[in-house]
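Novice: Below you'll find the structure I mean.
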Amino acid sequence: MIELDDRLQKVKRDKEARDQYMTLQNLIEEERDEARAEGHAAGAAKGYARNIAIIRKKFDKGDDAAMTADMLEQETLYIENIYKLFQNNPEYTDLEIAEIVLRSGDK
């Protein structure tokens, strides 16, 4: 325990060691913040994919965008844009469509 305390005191006095510690600490915090932001974005996309799934069901049934917009209390243009994504990218999952819509800011 005394050896650890001696090493800690030496590090406290050593400016270079303090600077390295602070740099490392900042890098760790930046990585944590990025991971947290990515986690929030992924969670938002997953939640939003549920809405996209509902819109896709309406699209698959042949409901027009205006009818779907009215039912969901959304702007018609918004639903039309999502319908276009379905038409142009039939292989995309609801999650992929949700990520595109969220990135575009058109939610």
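Novice: If a residue must be more than 14 Å from Q87 (Cα to Cα) and either touching a residue at least 40 places away in the same chain (Cβ under 8 Å) or not in a helix (DSSP H, G or I) (or both), how many such residues does the stretch 53-67 contain? Spell out how you get there, then give the answer.
Specialist: Taking the stretch 53-67 as the starting set, the residues that turn out to be more than 14 Å from Q87 (Cα to Cα) are 53-54, 66-67.
Right, trim to either touching a residue at least 40 places away in the same chain (Cβ under 8 Å) or not in a helix (DSSP H, G or I) (or both) and you get 53.
Selection size over the stretch 53-67: 1.
Novice: If the requirement is being charged (D, E, K, R) and modelled with pLDDT of 95 or more, which of these qualifies: E80, E73, E99? Let's see the steps before the verdict.
Specialist: Values: E73 fails: modelled with pLDDT of 95 or more; E99 fails: modelled with pLDDT of 95 or more.
One residue alone meets the criteria, E80.
The values are calculated or read from the model by the stated rules, or taken from the named source; none is laboratory data. The model shown is predicted, which means the values in this text are computed figures rather than measured ones. Glycine gets a Cβ as well: all are built from the backbone with ideal geometry, and neighbour counts include every protein chain shown.
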